[in-house]
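Participant: If you scroll down you'll find the structure; I have some questions about it.
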Amino acid sequence: MGGKDSIFHDGIVLYNNRDYNGALTFFLSLPDDADLDNIELAYYIGLCYARLGRYDDALLYLEQVVTAGGSDDISKDAPGSARVLQCRYILSIIYVMSDRRKLAMFELNKLLDAGFKPSSVYASMAYIYWLDRDIDASIANYKKAIELDSDNATALNGLGYVLSSENRDLSTALSYCKKALSIEPNSAACMDSLGFVYMKLGLMNDAFKYLRQAQQLMPDNAEISEHIQIAEDVMSSI
């Protein structure tokens, strides 16, 4: 490794070892007079900020990478496109988390046009439709995601949860959530969804089993706590 690549090497190693604070400090401390590729530097700094949950800072740098990528109609097979498309995907996630859903949809549609991670993109769109209470569109997009990747745990879990929340086809919802948890056995989100479906089916022992496992993994999660409270209210009314 030589030239410009060697300048970033130590920071990349720190990032790959999940030392995101260390990597960020490294990249930010590179001297201004170094022979730097500023867009590549923005890419790594943006990734570090995203990993650290500093989303406003991440946006500043990731948007630079996307803007420098040029055409909005970039293909996933075009030279240098992978980094731009990756940044678009991260931007879409940040936009959803910061309640800028129209911007998120814009980025997701650009990714679909480029053929980038379509299963994950459809799952993200489904989640946005769920937030917007467009239930039919949410279900349709989760199903598209699963058609493209039958092992997409996020889509399986999301579809199972949406179906159960709407009291639609609970047995199918259960099968989706079970499969999601089998793929991601340590996921608190999958445990929570499975427990929620069991609660909807009136199988309270199973419901509490998975809801409490989820809470052990994420004790401060408000949604999991809310589901446990609902389950306790159901039990008290029996």
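The values are calculated or read from the model by the stated rules, or taken from the named source; none is laboratory data. Bear in mind that the values here come from a model prediction, so they are computed numbers and not experimental data. Using ideal geometry, Cβ is built from the backbone for each residue, glycine included, and neighbour counts are taken over all protein chains shown. Accessible surface areas use protein heavy atoms only, side chains included; no ligands, DNA or RNA. Shrake-Rupley method; radii C 1.70, N 1.55, O 1.52, S 1.80 Å.
Participant: Please name all residue pairs, on different chains or six or more residues apart, with Cβ atoms under 7 Å, provided the first residue is in segment 8-28 and is open to solvent by less than 80 Å² (accessible area, probe 1.4 Å) and the second residue is among the charged types (D, E, K, R).
Facilitator: As it stands, the answer is Phe8/Glu40; Tyr20/Arg51; Phe26/Asp10, since those pairs meet every condition given.
Participant: Let me ask something else. Being under 19 Å from the mean Cα position of the chain (by Cα) and either more than 30 Å from Glu63 (Cα to Cα) or not in a helix (DSSP H, G or I) (or both), is that true of even one residue in segment 169-178?
Facilitator: Quick first cut of segment 169-178, residues under 19 Å from the mean Cα position of the chain (by Cα) only: 176-177.
Those still in the list that are either more than 30 Å from Glu63 (Cα to Cα) or not in a helix (DSSP H, G or I) (or both) too: 176-177.
There is at least one residue in segment 169-178 that is under 19 Å from the mean Cα position of the chain (by Cα) and either more than 30 Å from Glu63 (Cα to Cα) or not in a helix (DSSP H, G or I) (or both).
Participant: A follow-up question, please. So if I check each of Glu232, Glu184, Glu223, which one is under 28 Å from Asp149 (Cα atoms), at pLDDT below 95 and not hydroxyl-bearing (Ser, Thr, Tyr)?
Facilitator: Glu223
Participant: State the number of residues belonging to segment 162-197 that are surrounded by fewer than 24 Cβ atoms within 10 Å (Cβ to Cβ), under 22 Å from Gln229 (Cβ atoms) and of a type in the set (Ser, Thr, Tyr).
Facilitator: 2
So that you can scan it fast, the table gives a plain yes or no per residue for (1) assigned to a helix (DSSP H, G or I); (2) under 24 Å from Asp99 (Cα atoms); (3) modelled with pLDDT of 90 or more; (4) within 20 Å of the chain's Cα centre (by Cα):
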{"position": "Gly22", "(1), (2), (3), (4)": "yes, no, yes, no"}
{"position": "Thr25", "(1), (2), (3), (4)": "yes, no, yes, no"}
{"position": "Asp35", "(1), (2), (3), (4)": "no, no, no, no"}
{"position": "Tyr49", "(1), (2), (3), (4)": "yes, yes, yes, yes"}
{"position": "Asp57", "(1), (2), (3), (4)": "yes, yes, yes, yes"}
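Participant: Are there any pairs with C-beta distances below 8 angstrom linking a residue in segment 215-234 that is among the acidic types (Asp, Glu) to a residue that is open to solvent by less than 60 Å² (accessible area, probe 1.4 Å), with the two at least 6 apart or on different chains, and if so which?
Facilitator: Listed pairs, sorted by first residue: Glu223/Asp192.
Participant: Still on this model: Any residue at all in segment 119-137 that's among the charged types (D, E, K, R), assigned to a helix (DSSP H, G or I) and buried (at least 16 other Cβ atoms within 10 Å of the Cβ)?
Facilitator: Here is the first cut: in segment 119-137, the residues among the charged types (D, E, K, R) are 132-134, 136.
Still in the list and also assigned to a helix (DSSP H, G or I): 136.
Imposing the further condition that a residue be buried (at least 16 other Cβ atoms within 10 Å of the Cβ) reduces the set to none.
No, segment 119-137 has no match at all.
Participant: Select from segment 143-167 the residues that are over 14 Å from the mean Cα position of the chain (by Cα) and part of a helix (DSSP H, G or I) and list them in ascending order. Don't jump to the end; show me each part of the working.
Facilitator: Kept after step one, since they are over 14 Å from the mean Cα position of the chain (by Cα), are these residues of segment 143-167: 143-144, 146-151, 159-167.
Correct list: Lys143, Lys144, Ile146, Glu147, Leu148, Leu159, Gly160, Tyr161, Val162, Leu163, Ser164, Ser165.
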